Amino acid sequence: MLKKQVAVIGMNRFGVSTIRALYNLGHDVLAIDRDEERVQSVLGQATYAITAECTNEAALRDLGVHDYDAAVVAIGTDIVSSVMASVLLKTIGVKFVVARAQDALHANTLRRIGVDRIVQPEEEMGTRLAHSFFNTSVEEYIELTPNYGISRFRVPERFDGTSLQELGFSSPRDSYGLTPVALCRKRKVTLNPDLTFKLKSNDFVIVAAHDSDLESLDSVSELIDEEKNGTKSDI
């Protein structure tokens, strides 16, 4: 991965987690906030941590933000400052701007001023929670398009030593409507896993499917058990 220069404006929980993640991935991270205490809190977790006013164009230019590959506006509740900072970043020529939106109106405003990517953490978390709330098989959910997403499920102990093929994943899009795209075992990730690959308990299988098929993962698990035990109902 090529090292990039990224400026992150705003050090709320979302901003700090973004700073840490980017820095740990090896990128040069400039953390900016008007609150000195917040700036002090990320020292050692960012390449640079600066106290500055993000709605001041001269301040952003003095920091060299216009030369950065990307910028993240993590400001949450102060919508005016969020919009102003985003406008300034686009004005001074930052190539790629990501901004956090508080609600739909905020997101629409950011979209109209040319923000390249809009993130709504609360809405995204709500979507993930909704898909896993009553489905014990789904541990994570990422929406790709409306009604279609990617989920991961943990391989239970009773399927230890069983292959994907033996579980019924017999084609790129199997009879359950699920497409296995990756297999995670500890820190090793296998993309497009061979269907004869033997699973181990606590492996994670990443599948892509329509929401209605993902929601039926518990039923699929029960059906697999029936097929393995030879007790499948004819009804």
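If you check R20, R13 for being in the same structural domain as K90 (by TED's automatic domain parsing), farther than 18 Å from A99 by Cβ and under 25 Å from the mean Cα position of the chain (by Cα), only one passes: R20. Looking across L144, L191, one residue alone is under 30 Å from P121 (Cα atoms), at pLDDT 80 or above and exposed (fewer than 13 other Cβ atoms within 10 Å of the Cβ). It is L191.
Considering (1) part of a loop (DSSP other than H, G, I, E, B); (2) surrounded by fewer than 13 Cβ atoms within 10 Å (Cβ to Cβ); (3) modelled with pLDDT of 80 or more, the lone condition that K200 does not fulfil carries the number (2).
Taking the stated definitions as given, is S151 at pLDDT below 80 and of a type in the set (G, A, S)? Taking the combined requirement at face value, the residue satisfies it.
The values are calculated or read from the model by the stated rules, or taken from the named source; none is laboratory data. From a predicted model like this one, the values you see are computed outputs, not experimental measurements. Cβ: placed from backbone, ideal geometry, glycine included. Neighbour counts: every protein chain shown.
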